[in-house]
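Shown next, in structure tokens, is the structure this report addresses.
The values are calculated or read from the model by the stated rules, or taken from the named source; none is laboratory data. The structure displayed is predicted, hence computed values, not measured ones. No Cβ is skipped: glycine too gets one built from the backbone with ideal geometry, and neighbour counts run over all protein chains shown.
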Amino acid sequence: MASRRLTIVGTVARHLIGALPAAGFGLAPGTVRRTAFARAWRRSFEDLGPAFIKLGQLISVRPDEFSDELVAEMQSMQDAVPALPAAAIRAVIRSEFGREPEELWASFDDAPVASASIAQVHRATLAQPYKPVWGVELPAGTTLAIKVVRPGAAESIRADIAIARSLMERVARMRISRRFDPIALLDEFALTVDRELDLRMEGRFADRFTFDFRDDPKVVAPRTVWPTTTARVLAMEFMTGWRLSEIETAKAHGVDCYALAVHGATAFMRQVFVYGRYHADLHPANLFVTPDNTIAYLDFGIVGFLTDEERMNITQVMAALVYRDPDRALKYSAKLGVDVPADRVEVVRTALGGLLDGTYRPDGTRDFAHFGLGFLKLLGENDIKIPSGYGLLIKSLATVEGVARALYPEIDIVETAKPFTTRILGQAMGDPARLYERIPAAIRAAMREIVA
Amino acid sequence: MTDDVMRFFAAWMLTHEAADEGLKAAVLRGDEGGPEGMGGGPDAFVDGLAAMVAEEKEKLKRDLEARARGEEVSIETQPDPALEDLRFEVGELRGRLDNIESLLETLVRKSGS
């Protein structure tokens, strides 16, 4: 533990010292200095392995807590590490099942398909037909993706989380963060990582996603093969196509980018506004597209959940965006746990009004990221605590917008949300409890109009 | 007394008439605005919503007429969501049992070796 602490401190110190010239030895202008140090932090995290890469990913979705420069650097962090030898992966499978991969599947490919900080993916083929939780039977010979947690990953991450507490205090002292609660961030981090380390959670969510989109053949997720799945090994359908990061190749093969952007954004809105559970780790590498314009969602390691009440309040915040209504945005954000102190309400309201007015781009479409991320930043600047789920959702919506606009620059993501928000608001209007509450006032207003 | 009652019902009828005319006008405006028009502010949103409800009403009317003629209606051809949910729950349970069975086999194999 002590040696690991030394390694961590040494790695961070080495990168920070290396950044000094670029930062003008602390004398460079603020942005240049912060960018240089943010890059040093990112490189340190990449060198320090899984726990820090995951921590960096968490920082990348918290613009309310960290500087723009650090968030941008952490967003560009690569979660691609050298592959482990097949023998190490085979050892994990053997320890989980007490059998060789060839006894579990008809074939197992030793060459990895992907390798990230927590897990490595190999290709295999199904030995016997399997009826998954939902949908048609998978025939024998179906190609599978076998995701295996890297040996020692869980232990090293948990040990690093313990050490990271002291590092967090250093981060706070270096004033990289505007307002920072290291223990809260670590608790959130530990919870996220624990979920990601148990691959069965990912399998269950992927199955649920398949069920949720059963009426939409253009949106799919890999289904889980449960007899050969454990907490450390996940067997699922192998998805073929192009990652959105390879969109130019997809375009060359005739993929309809406009349809893809609209359908992808709509599918995300459906997750948020209809089901209240959504893929919260969307980036171009986690989305596949096939030549027939089917979108495949991969890697359900981070998932966001919303209660019915939260969905309603989020809908109202969206409506506030449509109507440029800062009071509505503040009212329903408060119901989501954004507690603006009374002496700050006016300042925040005015700034929010400015943000809402600046939401339109020159082409007439709305810029959700401008509003969403700007709002988070505004709250951060005013020392207002943001519930992590709210921050995660806003960041996810901003990411979906970014992905959709990369495919089709004229898309207006707020438009894709409108049918869902309209329906939810319409349903709320018909809610008997609400009618009971509002009808007397409505009748009084109608009578006043009549007798006026 | 009779006059009061008549007056009350007259006011009631007037309220209905005004509301009905208002609704018809809102549906018309909503239809003219189309889906794009709903972003024009709270009033435009209500107009758009009224148009959507009117569309649903027409569909319901068609379904009821079809049902009166003894025909199958669209709403009945869709799978029952509760039944679908149940089927998924059963599928999920089966998946968990598959998983537990596999775990059990592994434990037996390990304890035997």
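Within region A:102-142, how many residues turn out to be away from every other protein chain (no Cβ under 14 Å), surrounded by 15 or more Cβ atoms within 10 Å (Cβ to Cβ) and more than 26 Å from the chain's Cα centre (by Cα)? Spell out the reasoning first.
Of region A:102-142, the ones away from every other protein chain (no Cβ under 14 Å) are A:102, A:106-125, A:139-142.
Checking which are surrounded by 15 or more Cβ atoms within 10 Å (Cβ to Cβ) leaves us with A:108-109, A:112, A:114-125, A:142.
This time we only want the ones that are more than 26 Å from the chain's Cα centre (by Cα), so: A:108-109, A:124-125, A:142.
Of the residues in that region, 5 qualify.
Here is a yes/no grid of residues against (1) touching a residue at least 40 places away in the same chain (Cβ under 8 Å); (2) within 14 Å of chain B (Cβ to nearest Cβ); (3) surrounded by 19 or more Cβ atoms within 10 Å (Cβ to Cβ):
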position	(1), (2), (3)
A:THR294	yes, no, no
A:GLY304	yes, no, yes
A:ARG311	yes, no, no
A:ILE314	yes, no, yes
A:TYR323	no, yes, no
A:LYS331	no, no, no
A:ARG344	yes, no, no
Take A:ILE384 and tell me if it is in contact with a helix residue (DSSP H, G or I) (Cβ under 6 Å, 6 or more places away or on another chain) and among the β-branched types (Val, Ile, Thr). no
Only one of (1) away from chain A (no Cβ under 11 Å); (2) at pLDDT 80 or above; (3) surrounded by fewer than 12 Cβ atoms within 10 Å (Cβ to Cβ) fails for B:ALA54. Which number is that? (3)
Tell me yes or no: at least one residue of region A:71-86 is under 30 Å from A:ASP109 (Cα atoms), out of contact with any Leu (no Cβ under 8 Å at 6 or more places or on another chain) and in a helix (DSSP H, G or I). yes
How many of the residues making up region A:222-247 are part of a loop (DSSP other than H, G, I, E, B) and within 14 Å of another protein chain (Cβ to nearest Cβ)? 7
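On the basis of being out of contact with any strand residue (DSSP E or B) (no Cβ under 7 Å at 6 or more places or on another chain) and either farther than 22 Å from A:THR240 by Cα or of a type in the set (Ser, Thr, Tyr) (or both), does A:SER115 make the cut?
Considered against the rule, which asks whether it is out of contact with any strand residue (DSSP E or B) (no Cβ under 7 Å at 6 or more places or on another chain) and either farther than 22 Å from A:THR240 by Cα or of a type in the set (Ser, Thr, Tyr) (or both), A:SER115 comes out as yes.
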Yes or no: A:VAL303 closer than 30 Å to A:GLU202 by Cα and of a type outside the set (S, T, N, Q)? yes
Going through region A:358-407 in order, the residues found to be among the charged types (D, E, K, R) and either within 18 Å of the chain's Cα centre (by Cα) or part of a helix (DSSP H, G or I) (or both) are A:LYS377, A:GLU381, A:LYS395, A:GLU401, A:ARG405
